[in-house]
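**Q** The structure under discussion is supplied below as structure tokens; questions concerning it will follow.
The values are calculated or read from the model by the stated rules, or taken from the named source; none is laboratory data. All values derive from a computational prediction rather than experimental measurement. No Cβ is skipped: glycine too gets one built from the backbone with ideal geometry, and neighbour counts run over all protein chains shown. Ligands, DNA and RNA are excluded from the accessible area calculation, which covers all protein heavy atoms including side chains. Shrake-Rupley method; radii C 1.70, N 1.55, O 1.52, S 1.80 Å.
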Amino acid sequence: MTDKKKTLLVAIPMALVVLAVFAFFYSRQSPQQEPITATAFKLNTVVTITIYDSQDQDILDGAMALCDEYERIFSRTLEESELYQLNAGSLQNENGVSPLSEPLADLISQGLYYSGLSGGAFDISIAPVSSLWDFTSGEAVLPDEQELSNALALVDYRQVFLADNSLSFGMEGMQLDLGAIAKGYIADRLKDYLEDQGVESAIIDLGGNILCIGKRPGGEPFRIGIQRPFADRSETAAIVEIDDKSVVSSGIYERYFEKEGTLYHHILNPDTGYPYENGLISVTIISDDSVDGDGLSTSCFALGLEKGMELIDSLPDVYAVFITEDGELHFSEGFDAAFSVTLS
């Protein structure tokens, strides 16, 4: 990778910018009423939930508590979490079978589906490999080659057997990493909770995983900006108008480090153990459910532009924007017919 390309890649910030999310209420609501918002660091990211049609702070508190509840189930690093105990073998009975809670079994099922859909390009059994990489400490240390080779031998989603909320592994030492789809799943559950509380207009933002409930006050769609590559954070390449949809991106800018002129990012190839190098910067998915957006954004990034676009075009009611290293935006089939898109 050239120094010029490296510099450009590092310059890419978060791909999603929520635009025009503050507005006055109309019709039956007081003109002075403003949205209520809660922001906290949870799920290893910044979580922001904004409700436009209610002033009930208890609803926000309940949503944040729900984030904590799911973190205690899905976290790979939190020692008291259910997933951590599964990976450590603490849940196994004498037959090597681990009984799971319904949420964990449901999320693993979703992960196995997308592992299969991508042909293993995305693989939730990548944990033995991903645990050898550290993209947060700033130390820029590459994994030991022998350790990486040993870990790769344990990566195969087809050796993960799930039935009746019970799981077993086909190889001793296998582990799961659900980080690529957990936020999407949690966003969907938060939406369920908010709608059960009567909320009809809100935005759930889990560190860039955006899920819109309904429309903006006044009946207008939400406007989601897709970041222009190699530009300032506030500069967008396109603005998409959506309502009641999820917008999720996966890209090389999320977690990475540089070493000896090479950028290493967190989207790892299960065949090599190293980050994918396929000319993509990011993939943004628009879908009804956020877990689908999470699973597909990672899967399509792993597959690359041609195969990833082919996958998206084969699925109903799912749309994508691929951004390549040259800064070009590639829209999936029917995107402009489904959404109002303004190119910047």
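**Q** Would you confirm whether or not the range 95-102 contains a residue that is crowded, with 18+ Cβ neighbours inside 10 Å, within 22 Å of the chain's Cα centre (by Cα) and at pLDDT 95 or above?
**A** no
**Q** Determine the pairs where a residue that is touching a residue at least 60 places away in the same chain (Cβ under 8 Å), located within the range 50-65, has a partner that is open to solvent by 20 Å² or more (accessible area, probe 1.4 Å) and part of a helix (DSSP H, G or I) with Cβ atoms under 9 Å apart, the partner being 6 or more residues away or on another chain.
**A** Taking only residues 6 or more apart or on different chains, the pairs are 59/193; 62/193; 63/193.
To keep it simple, each residue is scored yes or no on (1) among the aromatic types (Phe, Trp, Tyr); (2) open to solvent by 10 Å² or more (accessible area, probe 1.4 Å); (3) in contact with a Ser or Thr (Cβ under 6 Å, 6 or more places away or on another chain); (4) more than 30 Å from residue 219 (Cβ to Cβ).
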{"site": "247", "(1), (2), (3), (4)": "no, no, no, no"}
{"site": "256", "(1), (2), (3), (4)": "yes, yes, no, yes"}
{"site": "269", "(1), (2), (3), (4)": "no, yes, no, yes"}
{"site": "281", "(1), (2), (3), (4)": "no, no, no, yes"}
{"site": "284", "(1), (2), (3), (4)": "no, no, yes, no"}
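**Q** Could I ask something else about it? Determine if the range 75-86 includes at least one residue that is of a type in the set (S, T, N, Q), within 22 Å of residue 208 (Cα to Cα) and in a loop (DSSP other than H, G, I, E, B).
**A** The answer is yes, given that some residue of the range 75-86 is of a type in the set (S, T, N, Q), within 22 Å of residue 208 (Cα to Cα) and in a loop (DSSP other than H, G, I, E, B).
**Q** Tell me which residues, restricted to the range 325-339, are part of a strand (DSSP E or B) and modelled with pLDDT of 95 or more.
**A** Selection gives 330, 331.
**Q** Would you mind listing the helices (runs of 4 or more DSSP H) fully within the range 123-211 where at least 1 residues are free of Cβ contacts under 8 Å to residues at least 40 places away in the same chain and either open to solvent by 40 Å² or more (accessible area, probe 1.4 Å) or in contact with an Asp or Glu (Cβ under 7 Å, 6 or more places away or on another chain) (or both)?
**A** In the range 123-211, 145-152, 179-196 are the helices (runs of 4 or more DSSP H) which contain 1 or more residues that are free of Cβ contacts under 8 Å to residues at least 40 places away in the same chain and either open to solvent by 40 Å² or more (accessible area, probe 1.4 Å) or in contact with an Asp or Glu (Cβ under 7 Å, 6 or more places away or on another chain) (or both).
**Q** Taking the criterion of being surrounded by fewer than 16 Cβ atoms within 10 Å (Cβ to Cβ), closer than 19 Å to residue 244 by Cβ, without any contact (Cβ under 8 Å) to a residue 24 or more places away in the chain and of a type outside the set (Val, Ile, Thr), would at least one residue in the range 292-312 satisfy it?
**A** No.
**Q** Within the range 36-53, which residues are crowded, with 19+ Cβ neighbours inside 10 Å and closer than 20 Å to residue 73 by Cα?
**A** The answer is 43, 47.
**Q** Next up: Can you say whether residue 344 is modelled with pLDDT under 95, surrounded by fewer than 19 Cβ atoms within 10 Å (Cβ to Cβ), hydroxyl-bearing (Ser, Thr, Tyr) and out of contact with any helix residue (DSSP H, G or I) (no Cβ under 9 Å at 6 or more places or on another chain), as far as the supplied structure shows?
**A** Spelling it out, residue 344 is indeed modelled with pLDDT under 95, surrounded by fewer than 19 Cβ atoms within 10 Å (Cβ to Cβ), hydroxyl-bearing (Ser, Thr, Tyr) and out of contact with any helix residue (DSSP H, G or I) (no Cβ under 9 Å at 6 or more places or on another chain).
**Q** Out of the residues in the range 62-78 that are out of contact with any strand residue (DSSP E or B) (no Cβ under 8 Å at 6 or more places or on another chain) and among the charged types (D, E, K, R), which is least open to solvent (accessible area, probe 1.4 Å)?
**A** For the range 62-78, the residue satisfying everything is 76.
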